[in-house]
1. Can you name the number of the only condition in (1) more than 14 Å from every other protein chain (Cβ to nearest Cβ); (2) at pLDDT below 90; (3) surrounded by 24 or more Cβ atoms within 10 Å (Cβ to Cβ) that B:Gly52 fails?
2. Working carefully through the options A:Leu6, A:Leu43, find the one that is over 23 Å from the mean Cα position of the chain (by Cα), in a helix (DSSP H, G or I) and free of Cβ contacts under 8 Å to residues at least 12 places away in the same chain.
3. Which residues, counting only those in region B:203-228, are surrounded by fewer than 24 Cβ atoms within 10 Å (Cβ to Cβ) and of a type in the set (A, V, I, L, M, F, W, C)?
4. Can you go through B:Phe115, B:Phe183 and tell me which one is within 11 Å of chain A (Cβ to nearest Cβ), surrounded by fewer than 22 Cβ atoms within 10 Å (Cβ to Cβ), among the aromatic types (Phe, Trp, Tyr) and not in a loop (DSSP other than H, G, I, E, B)?
5. Conditions: (1) closer than 20 Å to B:Leu40 by Cα; (2) aliphatic (A, V, I, L, M); (3) in contact (Cβ under 8 Å) with a residue 40 or more places away in the chain. B:Leu187 meets all but one. Number of the miss?
6. Does A:Tyr247 qualify as being touching a helix residue (DSSP H, G or I) at 6+ places or on another chain (Cβ under 8 Å), in a helix (DSSP H, G or I), within 25 Å of A:Phe127 (Cβ to Cβ) and not β-branched (Val, Ile, Thr)?
7. Take A:Ala107 and tell me if it is assigned by TED's automatic domain parsing to the domain that holds A:Thr192, at pLDDT 85 or above and either of a type in the set (Gly, Ala, Ser) or in contact with a strand residue (DSSP E or B) (Cβ under 9 Å, 6 or more places away or on another chain) (or both).
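The values are calculated or read from the model by the stated rules, or taken from the named source; none is laboratory data. Given the structure is predicted, the values throughout are model-derived calculations rather than measurements. With ideal geometry, Cβ positions are generated from the backbone for all residues, glycine too; neighbour counts draw on all protein chains shown.
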Amino acid sequence: MTNAQLEIQLIASLVALACALPGTFLVLRKMAMISDAISHAILPGIVLGFFITHDLNSPVLILLAALTGVITVVFVEFIQKTGLVKEDTAIGLVFPALFSIGVILIAKNANDVHLDIDAVLLGELAFAPFDRLLIDGMDMGPKSLWVIGSILSISLVLLFLFFKELKLSTFDKGLATTLGFSPIILHYGLMTVSSVTIVGAFDAVGAVLVVALIIAPAATAYMLTDDLKKMLILSSLFGVFSAIAGYWMANIMDASIAGSMTTVLGVLFLFVYLFAPKQGVLSGFFRERRQRLEVSLLVFLLHLQNHKEEEERHVNHLREHINWQKVRAKKVLELADKNNLVFISENIVSLTDKGLEFTDEALKYITTNKATDIEDLKNRFFLFRG
Amino acid sequence: MELIDFFTDYTLRTITLGTAILGAICGMLGSFAVLRKQSLLGDAISHAALPGIAISFLITGVKDANYILLGALISGLVGTFWIKGIVKRTRLKSDTALGLILSLFFGFGMLLLTFIQKMPNANQAGLDKYLFGQAATLMEEDVWVMAIVTGVSLIVLLLFWKELKLLLFDADYTKTLGFNTRFLDILITTFIVLAIVLGLQTVGVVLMSAMLLAPAAAARQWTNSLGVMVVLAAIFGAFSGVLGTAISASQNNLSTGPVIVLVAASFVIVSFIFSPGRGLLFREIRFRRSRRELHLKKTLTFMYHIVKTHKNISHPHAIGILNNFQGFTKKTLTKLEKQQFIKIEEDQWAMTAKGYEEAASMYNQIGNDND
């Protein structure tokens, strides 16, 4: 691994980290699409800044572009307030227009601007190590490393200082306001940090993919935990993992690093989407199936309890009576038998003592609480779940 | 380039016709997207189409516009239904789902595009025109495809007009009436995806969503009727397509996409400001007018309370005694005089009988309004 490779991975990891922090709050505050709007809308700011400074890593350019981002947010909110169009339409109208202005500015000044459209969409991570910061002739490392490093440290400091306030205003805006924290200051503070981060990351990964770095790690982490701190740590981990794995994948395929980082994030999200223990699609599917089976079991047991007469409890009659299909009826019967809730003699099904106790308690619970949520009961009585 | 070229030059005519049709279908279907609060779905779909473009090139190895459209359509649909799945099955909200699919699909597409660019195959040049669009590459058969799709979607819209309208404004009611809302939802979403995919070649992946939104958002300002809105949006869309293409064709190295978007955006700005019913300008004018009216009434009421204590209502008073009341200006006084509610002589004012009656009945009016 050469020095340049190491530096690229370091820059990519820092970019991913810097994006993951504000991303967590944006996802929780349901403002994920704002990051998309900002990342597109800062383009004219970057181009104009470049005309003035002629250096993509200059702090002036970064501040100017970040200001464009905040202005975009204000503008979107202004349009929302007029009530002429719905919220999301306001976002969808503002950023393509600003992005178009940026693209046209680049196209018209292609000779003066050292920026091309590909770089706008993909960033130039591979070239980052060649633009070095020299102080008194001393090589201090790549410039973009310093830029994103300082952005990351500032947002880390802000995060530690205002963690409590951010947490409160994210989850309970009303309470935060009554306690005297200004939601407006926090909102615009978050927007400013996001804008600055997006501008800093723009150089490395481009306009669209910075959105992936902001939203995807946070969304993936949100599928796995309910704890804000854990979510921040997890999304940082996912971000850094995608940076390093993405770099090597791009290396093998000889393709864009940013694109490959996003692809790693995509695969990661798909995996969590399918297999997350509580939120995942598969676990949801199994939970739903189990619940359906257990509700059937309860209906079946209550039916048995209701009928003392033998013909009502004959195996064949039961199937007709409750109108279940063969497989389903068999499954329910097996489950009841496995849990020692029923016994079968000469094709007549009867409740065991344990079964009687269970149905009594379940009935009592359901009628007194007017709810069918008998998870506790199930835990006490069932050896095997559906 | 002269205006007359549009009618004589074959290529230009094709392109102009193509962008006009594209603008029309986008405006038409965009109206539904905007009214269903799915404005950003278009953004996500258009970005999600990119990997489809790249994959269909990787599989077929040729740059056939139809295969590419098919690939884009499939991947756009996959993206759309994945978004719906995320919103339905997980706790992630729709904005997160949109942003996720948009950026992840686009990133994957860019990975494939850069991968293709490095491949030793001379054929791949020009795939990146799908990023920002290049109307100049439109061929006659592309325009035919657009025209057919537009025709089909128009027929479908007309066939299901009543159902779609109902779905837009009251989805629950539609369901209780026994319509298959799921089918209607898939129908309209599929057509929106189709319109977006058609526009990729002209406007590009990145900016296609604006093409869908802007005409519809502009049209919304001028009317409260769905039918009128759809027609207006189609007209706005067609105009921005044609104007945008003309401007971008008249200059060197300008992609069509950004120019069309800016033209459409200016339609939106004009509509936001100048539409008579909802526009900001007229709203401000109405606001000021009613404020002035209120000031006038306040002044008159204040005078009425002074006059009430006198036997002769036309007994003159000094203007000075109005001073502790902030609502009056010289202008309001002259206006009141013009309406013959008061008479002014030097620095004295006197209420007329008409003014007294007006002021006295003002309370009745307000009282009646509240009843």
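1. Unmet condition: (2).
2. After applying the criteria, what remains is A:Leu6.
3. Answer for region B:203-228, where residues must be surrounded by fewer than 24 Cβ atoms within 10 Å (Cβ to Cβ) and of a type in the set (A, V, I, L, M, F, W, C): B:Trp222, B:Leu226, B:Val228.
4. Exactly one residue qualifies, and that residue is B:Phe115.
5. Checking B:Leu187 against (1) closer than 20 Å to B:Leu40 by Cα; (2) aliphatic (A, V, I, L, M); (3) in contact (Cβ under 8 Å) with a residue 40 or more places away in the chain, the one that fails is (3).
6. Working: touching a helix residue (DSSP H, G or I) at 6+ places or on another chain (Cβ under 8 Å): yes; in a helix (DSSP H, G or I): yes; within 25 Å of A:Phe127 (Cβ to Cβ): yes; not β-branched (Val, Ile, Thr): yes.
Yes, satisfied.
7. On the way: assigned by TED's automatic domain parsing to the domain that holds A:Thr192: yes; at pLDDT 85 or above: no; either of a type in the set (Gly, Ala, Ser) or in contact with a strand residue (DSSP E or B) (Cβ under 9 Å, 6 or more places away or on another chain) (or both): yes.
It is false that A:Ala107 is assigned by TED's automatic domain parsing to the domain that holds A:Thr192, at pLDDT 85 or above and either of a type in the set (Gly, Ala, Ser) or in contact with a strand residue (DSSP E or B) (Cβ under 9 Å, 6 or more places away or on another chain) (or both).
Conditions (1) outside any helix (DSSP H, G or I); (2) crowded, with 17+ Cβ neighbours inside 10 Å, marked per residue:
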residue	(1), (2)
B:Leu41	no, yes
B:Ser46	no, yes
B:Val62	yes, no
B:Gly76	no, yes
B:Ile86	no, yes
B:Leu92	yes, yes
B:Phe106	no, yes
B:Leu111	no, yes
B:Leu127	yes, yes
